[in-house]
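Before any comments, here is the structure.
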Amino acid sequence: MPPIEATEVGVTLVIPAAPVLPDLYFWALQASFAGKGGTSGGAHIGLQWHTGHPDSTAVNWGGYASDGSILDGSTSALASAMANPHTRDYPWRPGIPYRLVISKDGERGEGWWKGSVIDLEQEIQTEVRSLFSPGDELVGLMVWTEAFCRCEAPPVAAIWSSPSAVAVDGAALRPEGVSLTYQSESSGGCANTDSYELPHGLAQVTGVTRTNQAGAVLRWS
C-alpha cells in the first residue's frame, strides 16, 4: 500500500460504551504536515474521556513541531474546563458516530490546518480550532487509542470506519488498510490490547486477548 499524500483526511469514530473508570482515554486521527522542506510537525484530532471536563467528554486538536515544541494555534470557540488550549469541552455520546477531519484552513492561509469533529447523528460540524505548521500536504496518517488505565481494567472499544482523503491533485482517495503497531510492554504498554477487522470497519480494544500481532495488515471493509 503506497503512502497517502493529501490535503484533507477524515475517518468516522464510534465509542460503543464509555469507560467505567476515571482514567484518561484518547482516540484520535493523526497526520504529519509536509512540504518541500520535509516534515514540519504532526497533530491529532480526537475524542477524550477526561474527568476534568463536563461529563468526562472532551475533544483535542493539538500537536508538535519537528523540534518537539508545541504547535501554535488559534483560540478555540469551545470552552475548556481545564483551560487547556488543545483540549476543549465537547459533549460526545457513546454509540454515536463522529467524523474526525483534518483539512487546510483556507481563510488563514498557507500552513494553517483545521481540526473538526462532525456529529453524524445530528449533522452538526464543530471546528475545534486551527494549528500552524508549514507544509501543503498531510502524510503519515494513522488512527490510535491511548489508554492510561491499568492493563487489567475492563475492556474499552473504539470502532473506526469510512476513512477518506483528498489528494494534492484533488482526487478522492480511500486507504486500503492499516499496519498494526502496539506500544511495547517495556515502554509501558499492555499485552492485552487488540485490533481486528469488522464487517464495517476496524476495532481497537483494550483488556482482551490479542489476536493480531504488530506488523499485521488489516483491510478496511
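The values are calculated or read from the model by the stated rules, or taken from the named source; none is laboratory data. Source: prediction; values computed, not measured. As a convention, Cβ positions derive from the backbone with ideal geometry for all residues, glycine included, and neighbour counts pool all protein chains shown.
Scan the stretch 39-53 for residues that are surrounded by fewer than 18 Cβ atoms within 10 Å (Cβ to Cβ) and in a loop (DSSP other than H, G, I, E, B) and the total you get is 2. Only residues that are free of Cβ contacts under 8 Å to residues at least 60 places away in the same chain, surrounded by 11 or more Cβ atoms within 10 Å (Cβ to Cβ), over 15 Å from R219 (Cα atoms) and not hydroxyl-bearing (S, T, Y) were counted in the stretch 166-190, giving 3. Would you check which residues across the stretch 9-38 are buried (at least 17 other Cβ atoms within 10 Å of the Cβ) and more than 13 Å from the chain's Cα centre (by Cα) and list them? Scanning the stretch 9-38 gives P19, L24, F33, A34. Got at least one residue in the stretch 137-150 being charged (D, E, K, R), surrounded by 14 or more Cβ atoms within 10 Å (Cβ to Cβ) and either at pLDDT 95 or above or in a strand (DSSP E or B) (or both)? Yes, some residue in the stretch 137-150 is charged (D, E, K, R), surrounded by 14 or more Cβ atoms within 10 Å (Cβ to Cβ) and either at pLDDT 95 or above or in a strand (DSSP E or B) (or both).
The set of residues in the stretch 102-129 that are in a strand (DSSP E or B), of a type outside the set (S, T, Y) and touching a residue at least 60 places away in the same chain (Cβ under 8 Å) comprises I102, K104, W113, G115, V117, V128, R129. Going through the stretch 189-210 one residue at a time, which ones are part of a loop (DSSP other than H, G, I, E, B) and either over 16 Å from V14 (Cα atoms) or in contact with a Cys (Cβ under 8 Å, 6 or more places away or on another chain) (or both)? Those that are part of a loop (DSSP other than H, G, I, E, B) and either over 16 Å from V14 (Cα atoms) or in contact with a Cys (Cβ under 8 Å, 6 or more places away or on another chain) (or both): G189, C190, A191, N192, T193, T206, G207, V208, T209, R210.
Quick check on the stretch 54-75. Is at least one of its residues surrounded by 19 or more Cβ atoms within 10 Å (Cβ to Cβ), touching a Pro at 6+ places or on another chain (Cβ under 8 Å) and part of a loop (DSSP other than H, G, I, E, B)? So far as the stretch 54-75 goes, no, none of its residues is surrounded by 19 or more Cβ atoms within 10 Å (Cβ to Cβ), touching a Pro at 6+ places or on another chain (Cβ under 8 Å) and part of a loop (DSSP other than H, G, I, E, B).
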